[in-house]
1. Whether any residue in segment 171-186 is touching a residue at least 40 places away in the same chain (Cβ under 8 Å) and polar (S, T, N, Q) is what I want to check.
2. Do you know which residues across segment 260-305 are of a type in the set (Val, Ile, Thr) and surrounded by fewer than 19 Cβ atoms within 10 Å (Cβ to Cβ)?
3. (1) open to solvent by 10 Å² or more (accessible area, probe 1.4 Å); (2) within 13 Å of ligand 2 (Cβ to nearest atom); (3) over 17 Å from Val149 (Cβ atoms): which one isn't true of Ala68, the others all being true?
4. Of the residues Val229, Val236, Val220, only one is open to solvent by less than 30 Å² (accessible area, probe 1.4 Å), at negative phi and away from ligand 1 (no atom under 14 Å from the Cβ); which?
5. In segment 189-211, which residue that is within 7 Å of ligand 1 (Cβ to nearest atom) and hydrophobic (A, V, I, L, M, F, W, C) is nearest to Lys156 (Cα to Cα)?
6. Can you spot a residue in segment 73-82 that is among the aliphatic types (A, V, I, L, M) and either surrounded by fewer than 19 Cβ atoms within 10 Å (Cβ to Cβ) or farther than 20 Å from Thr22 by Cα (or both)?
7. Name the residue that is farthest from the chain's Cα centre (by Cα), counting only residues in segment 297-323 that are within 30 Å of Ser217 (Cβ to Cβ) and in contact (Cβ under 8 Å) with a residue 12 or more places away in the chain.
8. If I filter segment 145-167 down to residues being assigned to a helix (DSSP H, G or I) and more than 21 Å from Ser319 (Cα to Cα), which single residue comes out as farthest from ligand 2 (Cβ to nearest atom)?
Amino acid sequence: MEQQTEKKKIVFSAIQPSGTITLGNYLGAIKNWVSMQDEFNCIYALADLHTITVRQEPAKFRKNVTDAYASILACGIDPEKSLFFIQSHVTTHAQLAWLLNCYTQFGELSRMTQFKDKSAKHADNVNAGLFTYPALMAADILLYQADMVPVGADQKQHLELTRNVAERFNGLYGNVFKVPEPFIPKNGARVMSLQDPTRKMSKSDENVNSFVTLMDSPEVIMKKFKRAVTDSEAVVRYAEGKDGINNLMGIYSAVTGLSFEQIEKDFEGRGYGDFKTAVGEAVVEELRPVRERYEKYIADKSYMQECYKKSAEIAQKFSQRTLDKAMKKIGFVF
Ligand code: ATP
Ligand code: LTN
């Protein structure tokens, strides 16, 4: 009989502590982070080094990091099962990012849509870090030899770049990095803004009505869904040109597990008012336990500190092996 026990695959993902975590982040990424914990070796991080590519106010930034840490524990990330650390605490990330910068082309970075969007949005601060952001993201992933990266659809292009950089490096020096696969959910991979359903829901949007956060009260969530932009047809059906309704159906489906056909059937002959109420209520129930658990974690800073320090220590050791290997291959003296 086959004696060998199969090694668990490695999962890596990160999120920027750039504001309050939204329903988009939750459905597109974090929900999968939670569900993958039993089957895989999971490694998660708060990508604080990435966050300073957009100017941050120091006190607010510090608070966003602890809030994000507590929120993600509240979503169900269990530090007994998974590593969950703060990127800047593990020194190998910035180190490998520098190396990978030298294996990433100007042309390929120029094609990144996130760079184009963010440089248009922050035209007064198009810094070099914003441009080379994907090389740091590639370092995050490749340091851990990750097999899978659970992210929302907007990160697919960065994952493609990561794969290209890994293959390029491996082509030059032999097998140093595992080439990772993106893991994108069928439903909820691209939650759109409630105010402009042609744009993705984003935690750094100025219009607070455009997003729902994990910390919004039930009243606020209901209000935001009631105000969501729809169309004048007043029929709940998924169709081209009905971006607002398509988005609400996507959210409802991701939360309840109902298919679009079932949703259309359930709301036949009923107006948008009823549908918005149903979507709002489903989201309120999904997020209720998260918000309750958040209160518990945020009140216990020393527990959180213990968790992120312990995880960072393990991550440092693990990732150092990959960094050393890459440096030796390049020809650095040891
Ligand atoms: P920012 O507004 O600061 O750019 P963001 O809200 O876009 O932040 P990130 O920290 O860049 O969030 O992304 C964290 C994770 O959430 C990524 O996996 C990303 O793909 C996912 N994600 C972000 N926005 C959405 C969305 N609207 N729908 C689905 N997934 C999303
Ligand atoms: N760029 C990602 C956040 C991020 C990330 C990562 C995601 C930083 N490093 C590594 C997956 C793997 C974003 O969501 N904007």
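The values are calculated or read from the model by the stated rules, or taken from the named source; none is laboratory data. Just so it is clear, the structure is predicted and the values come from calculations on it, not from any experiment. Backbone-built Cβ (ideal geometry, glycine too); neighbour counts: all protein chains shown. Quick note on the areas: whole protein, heavy atoms, side chains included, nothing else; ligands and nucleic acids left out. Shrake-Rupley method; radii C 1.70, N 1.55, O 1.52, S 1.80 Å.
1. No, segment 171-186 contains no residue that is touching a residue at least 40 places away in the same chain (Cβ under 8 Å) and polar (S, T, N, Q).
2. If the condition is that a residue be of a type in the set (Val, Ile, Thr) and surrounded by fewer than 19 Cβ atoms within 10 Å (Cβ to Cβ), then Thr277, Ile298 are the ones that fit.
3. (1)
4. Val236
5. The extreme case among them is Ala189.
6. Checked segment 73-82: no residue is among the aliphatic types (A, V, I, L, M) and either surrounded by fewer than 19 Cβ atoms within 10 Å (Cβ to Cβ) or farther than 20 Å from Thr22 by Cα (or both).
7. Only one residue tops the list, namely Lys301.
8. Ranking the qualifying residues of segment 145-167, first place goes to Glu160.
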